[in-house]
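In what follows, a structure is listed as structure tokens, so that the remarks can point back to it.
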Amino acid sequence: MRTGEAYCIVPDIGVEFIENMNPEQKQAVLQTNGPLLVLAGAGTGKTKVLVARIVYLVSNKLAAIDEIMAVTFTNKAAYEMKQRLSRATGSSLSEMWIGTFHSLAMKILRQHGDKVGIDLNFSIIDDDDQFRLISGIVSVLALDEKQCPVKTIMHNIRRWKDRGLFHEKLGLAMGPIETASRRVYKEYQERLKTLGAVDFGDLLLYNLRLFGLYQDVLQFYQRKIKYILVDEYQDTNTAQYLWLKMLAAEHHNICCVGDDDQAIYGWRGAEVGNILKFEQEFEGATVVRLEQNYRSTNNILAAANALIKNNTKRLHKKLWTSENEGELIRIKHAWNSEDEAKFVCNEIEKLRLCGRSFGSMAILVRTSFQTREFEERFIRQSVPYQVIGGLRFYERQEIRDTLAYIKFLLDPNDSLAFERIINTPKRSIGELTRQKAHIIANEEGISLPLATQKYATKIRGKASQSINNFFSIIAETRELLANTPPAIVVKTLLENSGYIAMWKQEKSAEALTRLENLKEMINAIAEFDSLKDFIDHVSLVMDQVSLDSPDVVNIMTIHSAKGLEFNTVFLVGWEENVFPNQRTLLDNGISGLEEERRLAYVGLTRAKEQVFISYCSHRKTNNSGWQMSVPSRFVRELPDENVIFLDKKGISKSLVKDINDDEPYATIKARYNVG
């Protein structure tokens with residue numbers, strides 16, 4: 001169909017799919033020829049457009065349902081799209097080429113994988129299997145795990161696969177960890193072939209090799225798939241982009257829907273450049289901007305637009321709505337994180353009294369360590385809550401490990417706590433040693449710690465030495481209990497045991513989050529007179545049973561909130577070094593700052609009616625001291641006309657605007673006497 005013919009409305013899809021659309025949505029549906037980029041801002045109805053576009057293609061006989069490929073990022077999104085299309089077109093689910101990148105790439109490998117050395121009946125290993133396999137290879141290659149942590153090697157291999165690179169295609173190695181990672185990568189791929197298995201990164205990687213080596217296979221799919229639609233295009237990595245470009249080369253009918261202003265997954269391999277360079281990469285591309293927002297008020301959108309405008313690497317887009325102006329964004333200064341949590345909890349209870357449901361409200365944090373204060377405040381004030389997209393604070397691995405260390409410190413016969421920590425971090429204490437200790441404990445009716453010490457006297461070598469060293473560290477730390485603050489005792493124990501060093505050596509985003517959580521736990525311990533009081537407190541917190549009712553306040557990171565919406569959103573911890581995140585700025589510079597700003601934009605646009613932003617002038621550090629903070633630069637980027645400060649404490653709006661990005665924080669604090 002020619003471009004000029006694209007705008008006829010077909011009765012088959014009539015009222016439901018076309019008549020209720022705005023002009024830009026209609027254009028995105030009806031512009032069927034050539035490459036199309038749909039810049040779909042938050043809350044602009046992109047899913048509706050995607051479904052309507054496929055229905056239009058099928059109804060007008062431009063393509064059969066099995067000649068259209070639609071790619072999503074989650075299985076849930078793919079399933080929902082299939083269900084809607086099945087109802088609209090009468091097609092069966094099995095006919096549809098609709099799914100995630102992984103599921104569609106797997107479908108192709110099941111047919112042709114043998115051409116690139118893959119067993120057609122391959123299995124897909126999960127993260128745990130991948131870790132164990134790589135760990136075994138590290139051991140066989142006699143690599144030092146302290147210098148080359150397994151999870152760091154896993155991370156490097158995944159990023160190479162995200163970029164579509166086999167081990168033989170890598171350039172020069174940068175440093176010993178990367179050199180080791182390359183050795184493991186090569187051996188890892190060989191082991192996978194022997195096992196008849198692949199990991200998730202391999203699904204796209206072997207598709208690229210297949211299409212590169214076998215033109216007949218590539219041409220088969222190029223001719224078969226007449227139209228390609230891609231959701232969340234801003235989140236694609238290099239391998240996904242290359243795969244799409246190869247498949248679209250015959251018909252050039254690729255429609256990518258995304259929002260460069262919501263590109264927040266660079267840390268896991270997503271390349272925002274894919275969407276920014278769309279017009280250059282796909283010749284003759286049309287760009288349609290969906291800017292009419294159906295979610296938020298004008299005040300919220302105006303603030304979000306002004307904030308994101310500070311990013312230089314973006315495609316122009318400005319959200320607007322036909323709805324009312326709405327309430328101003330409320331900005332609250334708090335003395336510390338405890339006051340911040342108290343303020344948020346009190347506001348939630350006020351809204352509840354006004355008829356708002358708990359479920360219509362959300363607290364969005366930048367990093368997971370921030371949830372603890374809110375969880376404890378909610379428990380204290382009997383406000384039901386749930387942590388979405390993650391565990392509750394005291395359920396996290398690193399926190400449970402630390403609790404086990406504390407329990408064993410307090411009770412030398414606590415066998416459960418001892419078993420969790422004796423080889424965490426690894427101390428050359430193998431499975432055989434642990435089994436022998438269990439046998440002694442059962443036969444003699446003694447605790448596992450005592451049995452382990454007893455067994456250590458009967459053996460020689462690394463295991464015996466490691467066991468003795470462990471108990472020496474515990475004994476030395478116990479001596480501190482009488483006269484040392486509890487937080488310092490725990491910090492000392494975690495350092496001397498090698499637990500903190502274990503996470504520091506693992507160069508990954510997950511490890512950094514765990515270290516932040518450990519710092520927050522030490523902050524929590526500092527609030528108690530003794531470790532026994534702290535353990536009792538944690539036991540009470542963990543004993544809280546979540547209600548069956550879905551009406552609970554939602555707590556989550558902003559990353560987890562993408563795609564969701566709430567009537568009221570609390571954006572907390574808007575301070576420099578917290579948000580934007582200090583580590584992100586140090587590692588990635590300006591590009592890191594721009595991704596942090598996009599994250600702030602995502603947070604703002606989750607709200608329908610109300611936004612509260614809060615920041616503290618003081619936060620506890622992990623040595624039980626206080627650190628003064630200044631408001632996030634994102635606060636001063638919000639327009640005066642769209643915000644209201646709830647009090648005059650702390651830094652005023654004019655002061656916040658006066659802060660220079662390059663001025664040292666210490667100078668700012670001194671000049672304005674923060675706090």
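The values are calculated or read from the model by the stated rules, or taken from the named source; none is laboratory data. This is a predicted model, so every value here is computed, not measured. Here Cβ is always computed from backbone atoms with ideal geometry, including for glycine, and neighbour counts include all displayed protein chains. Each accessible area value is taken on the protein alone, full model and side chains, heavy atoms only, with ligands, DNA and RNA left out. Shrake-Rupley method; radii C 1.70, N 1.55, O 1.52, S 1.80 Å.
Remarks
- Extreme residue, farthest from Y241 (Cα to Cα), among residues of the stretch 55-79 that are free of Cβ contacts under 8 Å to residues at least 12 places away in the same chain and of a type in the set (D, E, K, R): K61
- Any chance L172 is within 24 Å of Y206 (Cα to Cα), of a type in the set (A, V, I, L, M), in a helix (DSSP H, G or I) and at pLDDT below 95: no
- Which numbered condition R377 misses (of (1) farther than 15 Å from V553 by Cα; (2) open to solvent by less than 50 Å² (accessible area, probe 1.4 Å)): (1)
- Of all residues in the stretch 200-217 being farther than 25 Å from E506 by Cα and charged (D, E, K, R), the one that is least open to solvent (accessible area, probe 1.4 Å): R209
- Helices (runs of 4 or more DSSP H) wholly inside the stretch 465-573 that include at least 3 residues being exposed (fewer than 14 other Cβ atoms within 10 Å of the Cβ): 531-542
- The set of residues from the stretch 280-326 being touching a Gly at 6+ places or on another chain (Cβ under 8 Å) and among the acidic types (D, E) comprises just one member, E291.
- The residue that is surrounded by the fewest Cβ atoms within 10 Å (Cβ to Cβ), among those in the stretch 177-199 that are of a type in the set (D, E) and in contact (Cβ under 8 Å) with a residue 24 or more places away in the chain, is E187.
- Among the residues of the stretch 41-64, those that are closer than 30 Å to V602 by Cβ and either in a loop (DSSP other than H, G, I, E, B) or at pLDDT 95 or above (or both) comprise G41, A42, G43, T44, G45.
- Residue match in the stretch 225-233 (condition: surrounded by fewer than 19 Cβ atoms within 10 Å (Cβ to Cβ), touching a helix residue (DSSP H, G or I) at 6+ places or on another chain (Cβ under 9 Å), in a loop (DSSP other than H, G, I, E, B) and of a type in the set (A, V, I, L, M)): no
- The residues of the stretch 220-235 that are farther than 18 Å from N33 by Cβ and touching a strand residue (DSSP E or B) at 6+ places or on another chain (Cβ under 7 Å), listed by number, are D231, E232, Y233, Q234.
- The stretch 65-94 - residue that is part of a helix (DSSP H, G or I), aliphatic (A, V, I, L, M) and more than 23 Å from K562 (Cα to Cα) and, of those, modelled with the highest pLDDT: I65
- Complete set of residues in the stretch 47-93 that are touching an Asp or Glu at 6+ places or on another chain (Cβ under 7 Å) and open to solvent by 40 Å² or more (accessible area, probe 1.4 Å): D66, F73
- Listing of strands (runs of 3 or more DSSP E) fully contained in the stretch 306-395 that carry 2 or more residues being more than 21 Å from the chain's Cα centre (by Cα) and under 25 Å from N581 (Cα atoms): 329-334
- Annotation note: Cβ proximity below 7 Å between a residue of the stretch 406-419 that is over 14 Å from I473 (Cβ atoms) and a residue that is of a type in the set (K, R) (sequence gap 6+ or interchain) occurs for L410/K532; D414/K407; A417/K407.
- Residue ID - surrounded by the most Cβ atoms within 10 Å (Cβ to Cβ), chosen from residues in the stretch 258-305 that are in a helix (DSSP H, G or I) and among the acidic types (D, E): D261
- Check on L450, more than 19 Å from L531 (Cα to Cα) and of a type in the set (A, V, I, L, M): yes
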